[in-house]
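Quick note: the coordinates plus some simple rules give every number you see, no bench work behind them. The model shown is predicted, which means the values in this text are computed figures rather than measured ones. Reconstructed Cβ throughout: ideal geometry from the backbone, glycine too, with neighbour counts over all protein chains shown.
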Amino acid sequence: MGRVEGKIAIVTGGALGMGRAFCDLLAQEGATVVLADVDEENGNASVAEIIKAGGKASFVKLDVSSEDDWQALSKKVEADHGKVDVLVSNAGIYLSGTTENTPVDEWDKMFSVNAKGVFLGSKTVIPLMRKAGGGSIVNISSNWGIVGFPDAVAYCATKGAVRLLTKATATEVAVDGIRVNSVHPSLTITNLSKDIVNDPVATKQLLGPSLLGRPAEPEEIANGVLFLASDESRYMTGSELVIDGGYLAS
Ligand SMILES: NC(=O)c1ccc[n+]([C@@H]2O[C@H](COP(=O)([O-])OP(=O)(O)OC[C@H]3O[C@@H](n4cnc5c(N)ncnc54)[C@H](O)[C@@H]3O)[C@@H](O)[C@H]2O)c1
């Protein structure tokens, strides 16, 4: 208990899925969580559950692809808490498609949420973290940000962008005591993947070379996020934490 005690943590996409598990664990370990999502209903419900369990949390409506929304969030967090210690840029969407059949508007939409959303998050919180003397940014990429997969060209490209955006930002802000790392989950049981995990054939295909042979539970990814958010990872920056059941091992 208390591994992130006293820290202020913004988690994007915290209403459902993995983000929800990140919020739960960070709050259990003493952080004050600012859950930011486009989904007000599930976001407020998640916050209510955290508070019921004895944690500290609030909901802010945010579309990660909107700079105006990020500016409003920044002002609110500074007014309410005076600082930000942790940003988990987790919100993401998935649309399938090959290089030949992906419509340009879908490509743009994926980049707007998955890549621009992560860029805007870092751009917004870095000044607040710098003022506070440091912080930890955790960007959620994917195993498909390291290797390719058929019929997922835009998704793979956005997640690869998150991987290198993380390293580039890390080189800029280490001097300010700000660490920036990426997390690379493989298939995880969430809303985003529910159609796949309910289909044994699709699950087998997506698990591919996974050594552990099953999808992850969101809590198994949350453990890695907690580590990167906490001071236990103080010597890590620009790193990629792969949590993939051995998908990339062979
Ligand atoms: N589930 C998987 O198998 C898997 C594997 C590897 C990586 N990931 C990545 O993990 C992250 C979380 O995925 P998940 O499976 O929990 O997804 P999910 O669909 O279950 O939840 C995503 C959350 O993000 C929110 N969101 C979507 N667009 C948003 C926007 N523009 N602004 C703010 N919030 C927005 C949704 O409302 C939702 O609460 C994503 O970045 C995803 O790409 C998922």
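Details
- For beta carbons closer than 9 Å, sequence separation of 6+ or different chains, a first residue in the stretch 137-156 that is closer than 17 Å to Ile243 by Cβ and charged (D, E, K, R) and a second that is away from the ligand (no atom under 11 Å from the Cβ) and part of a helix (DSSP H, G or I), there are no qualifying pairs.
- Selection over the stretch 82-113 of residues that are without any contact (Cβ under 8 Å) to a residue 40 or more places away in the chain and closer than 20 Å to Ser66 by Cβ gives a count of 3.
- Count - residues of the stretch 88-107 that are away from the ligand (no atom under 13 Å from the Cβ) and either surrounded by 15 or more Cβ atoms within 10 Å (Cβ to Cβ) or not in a loop (DSSP other than H, G, I, E, B) (or both): 6
- Annotation: of all residues in the stretch 188-225 being within 11 Å of the ligand (Cβ to nearest atom) and of a type in the set (Ser, Thr, Tyr), the one that is surrounded by the most Cβ atoms within 10 Å (Cβ to Cβ) is Thr188.
- Number of residues in the stretch 173-187 that are buried (at least 17 other Cβ atoms within 10 Å of the Cβ) and touching a Ser or Thr at 6+ places or on another chain (Cβ under 7 Å): the value is 9.
- Candidates Gly133, Gly117, Gly148, filtered to the one that is on the phi < 0 side of the Ramachandran plot and either more than 11 Å from the ligand (Cβ to nearest atom) or touching a Pro at 6+ places or on another chain (Cβ under 8 Å) (or both): Gly148
- Some residue of the stretch 110-118 being among the small types (Gly, Ala, Ser) and under 28 Å from Ala249 (Cβ atoms): yes
- Hits in the stretch 129-161 (condition: basic (Lys, Arg) and either surrounded by 20 or more Cβ atoms within 10 Å (Cβ to Cβ) or assigned to a strand (DSSP E or B) (or both)): Lys159
- The listed residue being outside any loop (DSSP other than H, G, I, E, B), more than 14 Å from the chain's Cα centre (by Cα) and over 22 Å from Ala31 (Cβ atoms), out of Leu165, Leu211, Leu206: Leu206
- Pairs where the first residue, in the stretch 6-17, is more than 6 Å from the ligand (Cβ to nearest atom) and the second is basic (Lys, Arg), C-beta under 7 Å, 6+ apart: Ile8/Lys83; Gly14/Arg20
- All of (1) surrounded by 16 or more Cβ atoms within 10 Å (Cβ to Cβ); (2) of a type in the set (Ser, Thr, Tyr); (3) more than 14 Å from the ligand (Cβ to nearest atom); (4) farther than 20 Å from Val11 by Cβ hold for Tyr235 with one exception: (1).
- Output for the stretch 43-62, where each listed residue is surrounded by fewer than 18 Cβ atoms within 10 Å (Cβ to Cβ) and either among the acidic types (Asp, Glu) or assigned to a helix (DSSP H, G or I) (or both): Asn44, Ala45, Ala48, Glu49, Ile51, Lys52
- For the residues Val60, Val47, Val33, the requirement of being closer than 20 Å to Pro127 by Cβ and within 16 Å of the ligand (Cβ to nearest atom) singles out Val60.
- Restricting the stretch 174-187 to residues that are within 15 Å of the chain's Cα centre (by Cα) and of a type in the set (A, V, I, L, M, F, W, C), the residue that is nearest to the ligand (Cβ to nearest atom): Leu187
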